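One structure, pasted below without further comment.
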Amino acid sequence: MWMLSFVPDAWLLLAVYGVLAAGAGLYTFSYFTAFVPALIPFKEPVRILGTVLVIAGVYFYGSYDTEESWRARVAEAEARVAQAEVESKQANDRLAKKSAERVQVIRDRGLIVRQYIDREVVKYDETCKIPDVVVNVHNAAARNEEIK
Amino acid sequence: MRYFLIAMALVLSACATTVPVVAKFPDEPGKAAVEKCPQLTTVENGVKLSDLTRTVTMNYSTYYECAVKVDTWIEWYQIQKKIHEDIRK
């Protein structure tokens, strides 16, 4: 069945109908052999061959139908996956845009705060000395380390 | 014997199972999302008050930017999970 996936649908159907038609044709032909004396000995073999071909044709038709239903399922699954990939990409684009906008807002607000520091806080640089313990506390917190 | 082996190889090929439909793993939500969060900035002894507050401000910004990344990944997971589940329906 795996190898059938390489054969086009039309060829498969043609082969199946070909076997069925050959079987039916041979079976019908076996009745006419009675009218031709030279073909009378071939009557039974032709009839048997025709019957075998009809049975094989019906079997192949069943296989073809199963193959077709699998191909339809695969095609449906592929379509869903393709749709999911498109949705995924769109969602990622939306998320990336939203994320970039939020980061920009954070940077803009940080800039405003730093401008305020440069304008107002610098006035207290000389009067407010920062003890080393404060620096240690800040750095320990920033590095997520124990305070030495 | 040679024909038998060829015939067996041909017949056994029918046993091969293939997975014709493969879903691609979804991409990341933007290149910025896969960058690591930076270390927070430290200060030197004798730092000025303005420099200290500036550093604290920058560290807070760093935290918020990193929080955006985490939020983005959480949302990404929820969306991709839903899309993946919808394929199976």
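For segment B:45-61, which residues satisfy the criterion of being more than 7 Å from chain A (Cβ to nearest Cβ) and assigned to a loop (DSSP other than H, G, I, E, B)?
The answer is B:Gly46, and nothing else.
Here's another thing I want to ask about it. Do we have A:Val105 as loosely packed, with under 14 Cβ neighbours inside 10 Å, within 14 Å of another protein chain (Cβ to nearest Cβ) and under 30 Å from B:Asp71 (Cβ atoms) here?
yes
Using the structure shown, decide if B:Tyr64 is over 29 Å from A:Ala79 (Cα atoms), at pLDDT 95 or above, surrounded by 12 or more Cβ atoms within 10 Å (Cβ to Cβ) and of a type in the set (Phe, Trp, Tyr).
Yes: the conditions hold for B:Tyr64.
Restricting to segment B:70-83, what's the tally of residues that are in contact (Cβ under 8 Å) with a residue 24 or more places away in the chain and either exposed (fewer than 15 other Cβ atoms within 10 Å of the Cβ) or more than 7 Å from chain A (Cβ to nearest Cβ) (or both)?
The qualifying residues number 1.
While we're looking at this one, here's another question. Just checking, how many residues over segment A:87-102 are touching a Gly at 6+ places or on another chain (Cβ under 9 Å) and buried (at least 16 other Cβ atoms within 10 Å of the Cβ)?
Within segment A:87-102, residues that are touching a Gly at 6+ places or on another chain (Cβ under 9 Å) and buried (at least 16 other Cβ atoms within 10 Å of the Cβ) number 4.
Can you tell me how many residues in segment A:75-102 are within 7 Å of another protein chain (Cβ to nearest Cβ) and β-branched (Val, Ile, Thr)?
Qualifying residue count for the region: 1.
Can you confirm whether segment A:63-74 contains a residue that is surrounded by 13 or more Cβ atoms within 10 Å (Cβ to Cβ), at the interface with chain B (Cβ under 7 Å from one of its Cβ atoms), part of a helix (DSSP H, G or I) and within 26 Å of the chain's Cα centre (by Cα)?
yes
Listed here are the residues, each with its yes/no results for (1) of a type in the set (Ser, Thr, Tyr); (2) more than 19 Å from A:Leu14 (Cα to Cα).
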position: A:Pro45; (1), (2): no, yes
position: A:Ile55; (1), (2): no, no
position: A:Tyr64; (1), (2): yes, no
position: A:Arg71; (1), (2): no, no
position: A:Ala82; (1), (2): no, yes
position: A:Gln90; (1), (2): no, yes
position: A:Asp93; (1), (2): no, yes
position: A:Lys98; (1), (2): no, yes
position: A:Arg102; (1), (2): no, yes
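Inside segment A:1-55, can you point out the residues that are touching a helix residue (DSSP H, G or I) at 6+ places or on another chain (Cβ under 7 Å) and within 14 Å of another protein chain (Cβ to nearest Cβ)?
The answer is A:Met1, A:Trp2, A:Met3, A:Leu4.
Right, here's the next one. Of everything in segment A:122-139, what is within 14 Å of B:Val56 (Cβ to Cβ), part of a helix (DSSP H, G or I) and facing another protein chain (nearest Cβ under 7 Å)? Give them in sequence order.
Correct list: A:Val135, A:His138, A:Asn139.
Looking only at segment A:114-121, decide whether some residue is more than 9 Å from every other protein chain (Cβ to nearest Cβ), among the β-branched types (Val, Ile, Thr), in contact with a helix residue (DSSP H, G or I) (Cβ under 8 Å, 6 or more places away or on another chain) and farther than 30 Å from A:Ala15 by Cβ.
For segment A:114-121, residues more than 9 Å from every other protein chain (Cβ to nearest Cβ), among the β-branched types (Val, Ile, Thr), in contact with a helix residue (DSSP H, G or I) (Cβ under 8 Å, 6 or more places away or on another chain) and farther than 30 Å from A:Ala15 by Cβ: absent.
Return the residues of segment B:17-27 that are more than 7 Å from chain A (Cβ to nearest Cβ) and not polar (S, T, N, Q); say none if nothing qualifies.
Residues satisfying the conditions are B:Val19, B:Val22, B:Phe25.
The values are calculated or read from the model by the stated rules, or taken from the named source; none is laboratory data. Source: prediction; values computed, not measured. Cβ: placed from backbone, ideal geometry, glycine included. Neighbour counts: every protein chain shown.
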